[in-house]
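Quick note: the coordinates plus some simple rules give every number you see, no bench work behind them. Keep in mind it's a predicted model, so treat the numbers as computed, not measured. Here Cβ is always computed from backbone atoms with ideal geometry, including for glycine, and neighbour counts include all displayed protein chains.
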Amino acid sequence: MHWIHAVACWVVLLLLGCVPSRGGWGFESLPQSLQVQVKNQGRLADLAPQPWVEGMDLFLFLCRWETDAPVPVVFPEDASLAEREMLRVVLRNWARSGLGIRFRETEASSRGIQIKFVSAGDPVAIPQGAGDALADCRVKSEVQDGQLEASLEFASVYLRRDQDDWLGRPQPMSWDERYGTALHELGHALGFSSHVARGGSVMTRSPEVVRRVGAELQSGDWSGDETLRALYSLPSGTVVGTRVLPGASAERVKRWLAGAEALGLQGPYTRVGDRGSRIFYRGALGETFAVAIRPWPPGEEAGSLKWVLNARAEQQLKGSSRTEE
């Protein structure tokens, strides 16, 4: 009968609006001064943190764009006038929402946010939902006093023009859906890589809430998102937790990181998704050398995490080992 008790507890939590955080960390891990800044602001602790390894420790940290300069944004080349207006409205509203962030449209940039529209039948990977986004965080220094010098450097956003109906036939999305989806996916690109567990945030998984927020945005009634404001009230690189790694995992990742630095690869970067995270470097031609970490976010013990090097990273690690010998 234990399962009945567990279900009953979850029902009580939902009725009380007290849903546990999903990010694998809590506000109590922040310095007291920072706890005050984010108190009662949205669902920030639902955000899956970024990973970083130093010594025997796995550090969990938050990453966002720096706000001292505008973030370059590249619009899709095939965007219609109506679609360009939609993107400008979305960016303008994020800029006005209290994050302190600004945007600058540009035609090409290796840094910033790149946006693309996709439709059923396009020769690219089509998002399963209405859109998709990823954001890369550049790590620049070691952890000192609970802080890492790190910030977002690149993000890509894919927005669908259509969605499949119940028969699997692609149908044009409404403008409410498209505005809401653009706002949601750009929220991911701004650093909130996860989804909130409950509430009316645009960072929810609920398509209905996202559509409703899209309607509010078009009517001028959207006032911003508390969860994103909480993220941007903290310094980028704020450490929110530490896990002790098993010796074998720590040593392997440390050797790989040292080898990547010795080769002069570009990085390191981190990236977080719905089910995993990664630390990676890029080569001169843009090729990726990465270690994937699953599942993510981690629990209290890091021993169950799987560290999987891709083929390039494995070759690099073997080459580094031979050089050491």
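Please state the charge dipole magnitude for segment 246-324, taken about the Cα centre, from unit charges on C-beta atoms (+1 on K and R, -1 on D and E), reported in debye and rounded to the nearest 20.
Details: 12 positive and 8 negative charges, 40 e Å.
The dipole of segment 246-324 has a size of about 200 debye.
Calculate the FRET efficiency for residue 169 and residue 106 from the Cβ-Cβ distance with a Förster distance of 41 Å, rounded to the nearest 0.05. Mind showing how you got there, number by number?
Details: r = 37 Å, r/R0 = 0.90.
Efficiency, rounded to the nearest 0.05: 0.65.
Only one residue of 175, 289, 98 has its Cα farthest out toward the positive end of the dipole of the chain, where Lys and Arg carry +1 and Asp and Glu -1 on Cβ, and that residue is 289. Within the listed set 306, 140, 39, the residue fluctuating most in the Gaussian network model of the chain (springs between alpha-carbon atoms under 10 angstrom) is 39. Using Cβ point charges alone (K and R +1, D and E -1), the dipole size of the chain about the Cα centre works out to roughly 180 debye. Each stretch of four or more DSSP H residues adds -39500 (n - 2.57); spread over every residue of the chain, this sum gives -10000 deg cm²/dmol at 222 nm. Altogether, the Stokes-Einstein calculation at 10 °C and 1.306 mPa s, with the Kirkwood radius of segment 224-274 over Cα pairs as Rh, returns a diffusion coefficient of 111 µm²/s.
A Gaussian network model of the chain, with springs between Cα atoms under 10 Å, assigns the largest mean-square fluctuation among 304, 109, 80 to 80. Between segment 160-220 and segment 111-126, what's the alpha-carbon centroid distance in Å? With segment 160-220 and segment 111-126 each reduced to a Cα centre, they are spaced 16 Å. What net charge is computed for the residues neighbouring residue 189, neighbours being all others with C-beta under 14 Å from the C-beta of residue 189, Lys and Arg scored +1, Asp and Glu -1? Around residue 189, the surrounding residues sum to -1. Out of every Cα-Cα pair that segment 246-324 contains, those further apart than 16 angstrom amount to 50 percent. The residue list 269, 74, 128 was ranked by how far each Cα lies along the charge dipole of the chain toward its positive end, using unit charges on Cβ atoms, and 128 comes out on top.
Partners of residue 39 within straight-line reach, counting lysines whose Cα lies under 25 Å from its Cα and excluding those fewer than 8 residues away in the same chain: none found.
Note down the magnitude of the dipole of segment 191-325 about its Cα centre, charges +1 on Lys and Arg C-beta and -1 on Asp and Glu C-beta and zero elsewhere, to the nearest 20 debye.
Details: 18 positive and 14 negative charges, 67 e Å.
Here segment 191-325 has a charge dipole of around 320 debye.
Taking the centroid of alpha carbons for each part, segment 252-325 and segment 15-68 are 23 Å apart. Pick from 21, 236, 174: which is most flexible by mean-square fluctuation in a GNM of the chain where alpha carbon atoms under 10 Å apart are linked? The residue with the greatest mean-square fluctuation here is 174. Farthest toward the positive end of the dipole of the chain, out of 191, 207, 166, is the Cα of 166, where the dipole comes from beta carbon charges about the Cα centre.
Neighbour counting of Cβ atoms within 10 Å sorts the residues 164, 176, fewest neighbours leading, into 164, 176.
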